[in-house]
Amino acid sequence: MNRIKQYWLLGRFDKPIGIFILLWPALWALWVAGNGKPDILVLLVFCLGVVLMRAAGCVINDYADREFDPHVERTKQRPIAAGKVTPKEALIVFIVLSLSAFGLVLLLNIYTILLSFVGAFLAASYPFMKRYTQLPQAYLGIAFGWAVPMAFAAQTDRIPPVAWLMYLAVILWALVYDTMYAMVDKDDDIKIGVKSTAILFGDYDRHIMAVLQIIILCLLVIVGRMQQLGWFYYGGVIIAGGLFCYQQMLIFHRVKARCFQAFLNNNWFGLAVYAGLVLDYGLR
């Protein structure tokens, strides 16, 4: 039972915030692609797939960071860093989770199956990006946001322009919230030589994130215009904008605990946009 518990912790199943932040964009895309009535099988596959792939991403992330995590206060008790799970075990867990997710994708159309290979590559390669680029948070957005074009492909067997606009919004959103997350580890990352946008942006971190948040909201408005959505959707976007303002307040003094709180608050941002979509399509 202890092994199962360690594998559970390795996949971060005890911390579902990552599942929700990854799930919201997929749900946005499914609701828009399905005009408010996504196919039930597609919906179930994506919900379960998000859970499995988020866990797989956490496992491969800890495997990639096994030399770094013991030196970072927030991560030194993770299963691999603490010596409770071996790197070999972690790779086996990653393979099992990934194959399980791929088994679900096989229930969908060929287009989505082909796109899943790109998604798997992005998810597996992301953890290593912090060694080579100052923008690993942007790469995370590319990986996490891939659920958007996949959702459109699964629902409609094509990827229209609105899907790529939504994908861009999700990439920038991930760049913002993962920068907030990276602000918590900034001092440790500088010491051990890990790259991040929190380090790259320096004293302009809050300002750059504010600009990106404005762009994200503008992109979501354009998505609404393209799909001829109504005021319930825009109400959700307005609430989401208010949450962005609240996040800026939280990170203003760059206090680690409040930066982490700002990161967590992005769950409500994703929910606000989704709720707007559900209400708009449901009450037409």
* Calculate, for Asp14 and Ile92, the FRET efficiency according to 1/(1 + (r/R0)^6) with r their C-beta to C-beta distance and R0 30 Å; round to the nearest 0.05. => 0.90
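Over 13 Å apart: what share of the alpha carbon pairs of the stretch 160-214 falls there, rounded to a whole percent? Before the final figure, lay out each step's value.
Working: 907 of 1485 pairs.
The share of Cα pairs beyond 13 Å in the stretch 160-214 comes to 61 percent.
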* To do: Sort all Cα-Cα distances of the stretch 41-104 into consecutive 5 angstrom bins from zero, then give the percent of pairs in each bin up to the one containing the longest distance.
  => 4, 20, 25, 19, 13, 10, 7, 3, 0
* Find the centroid of the Cα atoms in the stretch 118-135 and in the stretch 161-202, then give the distance between the two in whole Å. => 13
* Asked: Distance from the Cα centre of the stretch 270-284 to that of the stretch 1-43, in angstrom?
  -> 18
* Two-decimal log10 I(q)/I(0) for the stretch 132-238, as the Debye equation yields it once each C-alpha is a single scatterer, q = 0.14 Å⁻¹ -> -0.63
* Structure fact -> Note: Arg66 to Trp164 extended length (0.36 nm per residue) minus current alpha-carbon separation gives 31.8 nm
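Report the FRET efficiency, 1/(1 + (r/R0)^6), for Leu41 and Ile190, where r is their Cβ-Cβ distance and R0 is 51 Å, rounded to 0.05.
Values: r = 47 Å, r/R0 = 0.92.
Given R0 = 51 Å and the Cβ-Cβ separation, E is 0.60.
Please compute the length gained on full extension between Ser125 and Phe252, using 0.36 nm multiplied by the number of residues separating them and subtracting their Cα-Cα distance. Present the calculation step by step, with values, prior to reporting the outcome.
Working: separation 127, 0.36 × 127 = 45.72 nm, distance 3.21 nm.
Result for the pair: 42.5 nm of gain on full extension.
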* Filter the DSSP H helices in the chain by two things, a Kyte-Doolittle mean of at least 0.5 and an axial alpha-carbon span of 20 angstrom or more, and list the hits by number. => 17-33, 40-64, 87-105, 110-125, 161-184, 205-226, 231-251
* With no solvent and one equal point scatterer per Cα, compute the Debye intensity ratio I(q)/I(0) for the stretch 1-125 at 0.12, 0.14 Å⁻¹ and report its log10, rounded to two decimals. => -0.49, -0.64
* To do: Taking every pair of alpha-carbon atoms in the stretch 29-69, give the share separated by more than 15 Å as a whole percent.
  => 56
* Please report the relative contact order for the chain, taking Cα pairs under 8 Å with a sequence separation of at least 6, and give it as a percent rounded to a whole number. => 21
* Going out from 0 in 10 Å bins, what whole percent of all Cα-Cα distances in the chain drops into each bin? -> 7, 29, 35, 23, 6, 0
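Given only helices, namely DSSP H runs of n ≥ 4 each adding -39500 (n - 2.57), what is the per-residue ellipticity at 222 nm of the chain, to the nearest 500 deg cm²/dmol?
Values: 13 runs with 211 residues, N = 284.
Result for the chain, helices only: -24500 deg cm²/dmol.
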* Under a point spin-label approximation (7 Å from Cα along Cα-to-Cβ), what is the His207-Ile110 distance to one decimal in nm? -> 5.2
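Taking a 21 Å limit on the Cα-Cα distance, which of the listed pairs Lys186/Lys256; Lys5/Lys130; Lys130/Lys191; Lys15/Lys191; Lys5/Lys256 fall beyond it? All intermediate terms of the calculation are to be shown ahead of the outcome.
Details: Lys186/Lys256 9 Å; Lys5/Lys130 28 Å; Lys130/Lys191 14 Å; Lys15/Lys191 27 Å; Lys5/Lys256 29 Å.
Check vs 21 Å cut-off fails for Lys5/Lys130; Lys15/Lys191; Lys5/Lys256.
What does the charge dipole of the chain about its Cα centre add up to, to the nearest 20 debye, if the Cβ of each Lys and Arg holds +1 and the Cβ of each Asp and Glu holds -1?
Working: 24 positive and 17 negative charges, 61 e Å.
The calculation lands at about 300 debye.
Only the coordinates and a few stated rules stand behind these numbers; no lab work does. Being a predicted model, the structure only gives us computed values, none of them experimental. Glycine also receives a Cβ, built like all others from the backbone with ideal geometry; neighbour counts cover every protein chain displayed.
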